[in-house]
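Participant: Provided herewith is a single structure, encoded as structure tokens, for subsequent inquiry.
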Amino acid sequence: MVGNPVRMTQDWLKKWCARSVSQLTPAQAYGVAAGFKNLAIWWLRPEVLHLAAEHARTLELVPIAQRWEASPQLPTDRGACWIALVNKYPNELGLLRESYALPLRWRQESEHDRRLPAGLLDLADQVRTHIEGIGEVSGTWTLHAASDSLLEGLDLCDLEGQWDSAWVSLAVGLLLAAWEGTPDPTIWASAAWDSRQGIKNVDGLEAKLVLASELGAKVFCVPEQQADNLRSVANENGVEIVPLPNGVTDFFQVSIEYLERLDQPIGPGPHLKQKRAEYFTRIQDNNIALRFYRRYVLPDVAEDLRRQLPRDLDLRHKKLIMIVSKSFDLIKLAILLIEPSQCLVLYNRELEGGVHDIKQMILQESPECEVKEYLFQKNNREDLLAELRDVIGAFASNSDPRDLVFDCTAGTKLMSLCLYDAAPLGSYVICVSSEFDQQRRRPKPGTERLDVWRVEQRGNG
């Protein structure tokens, strides 16, 4: 029968750690390490673990000794992150590291891991609310220990502490989790955040930097005002200091260099275009990939396509006629490219389900655009062409054909051909093509080509 978990509090820490290593026998060290369970290798001084392992070997408990002698490894699976804590009472807690790590993980589950400190979970709620508020995260994300076994037999819910310094680490960890990014144990951060003030200073950075170095860190992101005081310690430990600018309340502007080091291509900046495209191709989940593509890749694609237009041709603010598409995301691309004053969205029964969301997207990107929709019924060329000519005539009545743009990129071949045939003389037709990743069923960003021509004559067919 499994016993009740050990409730770790400040008093409990004092009970187990209120002595110096020099006063410790191997047997006593073994008892302390056993009491800390799987947190021992993360929180106890290496000297304590060495003595504990020594005693474990005398008891022929070789696997336990090997576990305490091994260097802890930070997790790198999706959602993983970690924070550095500081021993503020080194005289009272002499067996505890000067700074110690707590490996964590964001998961898509309904509730936090309640074994974690209550104050840390409150901070996680603040972080999640902020990241949700800037539109980067959807769905339910909650904070957990890095693995279920890490806190096995332990309960840290009543452990007191100041958790603000974990804000940036948790926030970037959540972004990585949401976009299927890979955590990098060589990149650390310790900084607080306030939505009105931006980055705030934190305590214990020298000790945290030494800990980070011991665990393989090469880069340490800290508040800008504290960066200079850390340079000498950082150089001694082979760690590069990256300042997070104070006084900036845009989280992406603050963390852009941190995100770049993590190869997390979100946020502003044209220098991220190639990284965004490459990152998009690596995302496994198609729903995540679609959100990322719409938000970050498509604006770059639209900008590139606009450069492909003849210099004397400006299609912006014309009236756009297009067919609904299921693919990545041709409707939004046309909207970004044309910025239409009016838009006619054509669809059949098969495509009807997505029309409401498409209309909302168009209005979000072009609030002044007047959006009309039409469900066409015909399914043979002659009838469909007649139907399209009627609805286009009603939509574009009294319009100069030069003010009309027909997007023939989407739809079945029959739909696209009929739409082209329905375009009046003098109007413009556009078609976007790109290379396609057959394995993942996605376009390859950067390969897009825009063909545009003016309808000047019709054949005899």
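Since every read-out is calculated from the coordinates, none of them should be taken as a lab result. Small disclaimer: the values here were computed from a predicted structure and weren't measured. For neighbour counting, all protein chains shown are included, and Cβ atoms are generated from backbone atoms with ideal geometry for every residue, glycine included.
Participant: Below 22 Å, Cα to Cα, which lysines can K200 reach? Residues fewer than 8 away in the same chain don't count.
Facilitator: Counting by Cα, and skipping residues close in sequence, K200 has these lysines nearby: K88, K208.
Participant: What is the antiparallel percent of DSSP beta bridges lying wholly in the chain, to the nearest 5? Intermediate results must be reported in sequence, preceding the final value.
Facilitator: Values: 24 of 52 bridges.
Bridges in the chain that DSSP calls antiparallel: roughly 45 percent.
Participant: At most 15 other Cβ atoms within 10 Å and a DSSP loop assignment: could you name the trypsin sites (Lys or Arg not before Pro) in segment 93-184 that fit? All intermediate terms of the calculation are to be shown ahead of the outcome.
Facilitator: Values: sites: R97, R105, R107, R114, R115, R128; in loops: R97, R114, R115.
Loop-located and lightly packed - R114.
Participant: Antiparallel as a % of all DSSP beta bridges within segment 80-271, to the nearest 5? Walk me through the numbers before you get to the answer.
Facilitator: Values: 15 of 23 bridges.
Antiparallel bridges: around 65 percent, rounded to the nearest 5.
Participant: Go through segment 79-121 and name the GluC sites (Glu not before Pro) that are in a DSSP coil and have 11 or fewer other Cβ atoms within 10 Å of their Cβ.
Facilitator: Here the GluC sites (Glu not before Pro) that fit, given the DSSP loop and packing criteria, are E111.
Participant: With label points built 7 Å along Cα→Cβ from the Cα atoms of Y89 and Y420, find their separation and express it in nm.
Facilitator: 7.8 nm
Participant: Where both residues lie in segment 168-293, what percent of DSSP beta bridges are antiparallel, nearest 5? Intermediate values should be presented prior to the final figure.
Facilitator: Numbers: 4 of 12 bridges.
Rounded to the nearest five, the antiparallel share is 35 percent.
Participant: Follow-up. Starting from the coordinates of the alpha-carbon atoms of segment 391-461, obtain the Kirkwood hydrodynamic radius over all distinct pairs and give the value in Å to one decimal. Mind dumping the intermediate values first?
Facilitator: Values: mean 1/r = 0.0727 Å⁻¹.
That comes to 13.8 Å for segment 391-461.
Participant: Distances longer than 16 Å among the Cα atoms of segment 298-355: what percent of all pairs is that?
Facilitator: Working: 796 of 1653 pairs.
Result: 48 percent of Cα pairs exceed 16 Å.
Participant: What percentage of all Cα-Cα pairs in segment 84-167 are separated by more than 14 Å? The partial results should precede the final answer.
Facilitator: Working: 2358 of 3486 pairs.
Percent of Cα pairs beyond 14 Å in segment 84-167: 68.
Participant: Quickly estimate the mean residue ellipticity at 222 nm for the chain, helices only: each DSSP H run with n ≥ 4 gives -39500 (n - 2.57), and the total goes over all residues, rounded to 500. Walk me through the intermediate numbers first.
Facilitator: On the way: 18 runs with 176 residues, N = 461.
Calculated mean residue ellipticity at 222 nm is -11000 deg cm²/dmol.
Participant: Could I ask something else about it? Only four residue types carry charge here, +1 at the Cβ of Lys and Arg and -1 at the Cβ of Asp and Glu. Report the dipole size of segment 286-454 about the Cα centre in Debye, rounded to the nearest 20.
Facilitator: Values: 25 positive and 26 negative charges, 92 e Å.
Roughly 440 debye, rounded to the nearest 20.
Participant: Would you please state which residues of segment 273-308 a label at D77 would reach in this model, taking the label point 7 Å out along Cα→Cβ and a backbone N cut-off of under 11 Å?
Facilitator: none
Participant: Would you work out which of P46, C17, A33 lies farthest towards the positive end of the dipole of segment 6-69, given +1 charges on the beta-carbon of Lys and Arg and -1 on that of Asp and Glu, about the Cα centre?
Facilitator: After comparing all options, I get C17.
Participant: How far, in nm, would the chain grow between S138 and E109 when pulled straight, counting 0.36 nm per residue and subtracting the alpha carbon separation? Numbers along the way, then the final one.
Facilitator: Working: separation 29, 0.36 × 29 = 10.44 nm, distance 1.24 nm.
Extra length available between S138 and E109 comes to 9.2 nm.
Participant: Please determine, in degrees from 0 to 90 and to the nearest 10, the orientation of helix 413-422 with respect to the longest principal axis defined by the Cα atoms of the chain, where the helix direction is its Cα long axis.
Facilitator: It works out to around 50 degrees.
Participant: Please name whichever of Q126, T140, L159 sits farthest to the positive end of the charge dipole of segment 116-200, dipole taken about the Cα centre and charges placed at Cβ: Lys and Arg +1, Asp and Glu -1.
Facilitator: Q126
Participant: I would also like to ask the following. What lysines sit close enough to K444 to cross-link, taking a C-alpha to C-alpha distance under 23 Å and skipping anything fewer than 8 places away on the same chain?
Facilitator: K273, K275, K326, K332, K413
Participant: For segment 171-179, take each phi angle, set θ = phi - 60°, evaluate the Karplus expression 6.51 cos²θ - 1.76 cosθ + 1.60, and give the result in whole Hz per residue in order, putting x for glycine and proline.
Facilitator: 5, 5, x, 5, 4, 4, 5, 5, 9
Participant: To continue, here is another question. Mean projection of the alpha-carbon convex hull of the chain over all orientations, in nm²? Walk me through the numbers on the way to the answer.
Facilitator: On the way: hull surface 113.5 nm².
Mean projected area for the chain: 28.4 nm², to one decimal.
Participant: In addition: Taking segment 287-376, which GluC sites (Glu not before Pro) meet the DSSP loop condition and have no more than 16 other C-beta atoms within 10 Å? Could you put the intermediate results ahead of the total?
Facilitator: Values: sites: E303, E350, E352, E365, E368, E370, E373; in loops: E368.
Counting only loop positions with at most 16 other Cβ atoms within 10 Å, the GluC sites (Glu not before Pro) in segment 287-376 are E368.
Participant: Work out the FRET efficiency for S22 and T182 from their Cβ-Cβ distance, taking R0 = 56 Å, and round it to the nearest 0.05. Walk me through the numbers before you get to the answer.
Facilitator: On the way: r = 42 Å, r/R0 = 0.75.
Computed FRET efficiency for S22 and T182: 0.85.
Participant: Could you state the angle between the C-alpha long axis of helix 205-214 and the longest principal axis of the C-alpha atoms of the chain, as a value from 0 to 90 degrees rounded to the nearest 10?
Facilitator: The angle comes out near 90 degrees.
Participant: Another question, then. Could you give each residue of segment 386-392 its phi-based ³J(HN,Hα) in whole Hz, using Karplus coefficients 6.51, -1.76, 1.60 with θ = phi - 60°, and x for Gly or Pro?
Facilitator: Each residue of segment 386-392 in turn: 4, 4, 5, 4, 5, 5, 5 Hz.
Participant: Still on this structure: Counting Lys and Arg as +1 and Asp and Glu as -1, each charge on the Cβ, what is the dipole of the chain about the Cα centre in debye, to the nearest 20? Intermediate results must be reported in sequence, preceding the final value.
Facilitator: Numbers: 52 positive and 64 negative charges, 121 e Å.
Charge dipole, the chain, about its Cα centre: 580 debye, nearest 20.
Participant: Sticking with this one: Taking the dipole about the Cα centre of segment 80-271, with the C-beta of Lys and Arg at +1 and of Asp and Glu at -1, give me whichever of G94, S232, S169 is farthest to the positive side.
Facilitator: Going by the charge dipole, the pick is S232.
Participant: Can I ask one more? Counting only C-alpha contacts under 8 Å and six or more residues apart, can you give the relative contact order of the chain as a whole percent? If you can, show how the numbers build up before the last one.
Facilitator: On the way: 795 pairs, mean separation 44.0, N = 461.
Relative contact order here is 10 percent.
Participant: As I understand it, the value is the acute angle between the Cα axis of helix 298-308 and the longest principal axis of the Cα atoms of the chain; what does it come to in degrees, rounded to 10?
Facilitator: The helix 298-308 is inclined about 40 degrees to the chain.
Participant: A follow-up question, please. How large is log10 of I(q)/I(0) for segment 80-271 at q = 0.10, 0.12, 0.17 Å⁻¹ when the intensity is taken from the Debye formula with one equal scatterer per alpha-carbon?
Facilitator: -0.38, -0.56, -1.17
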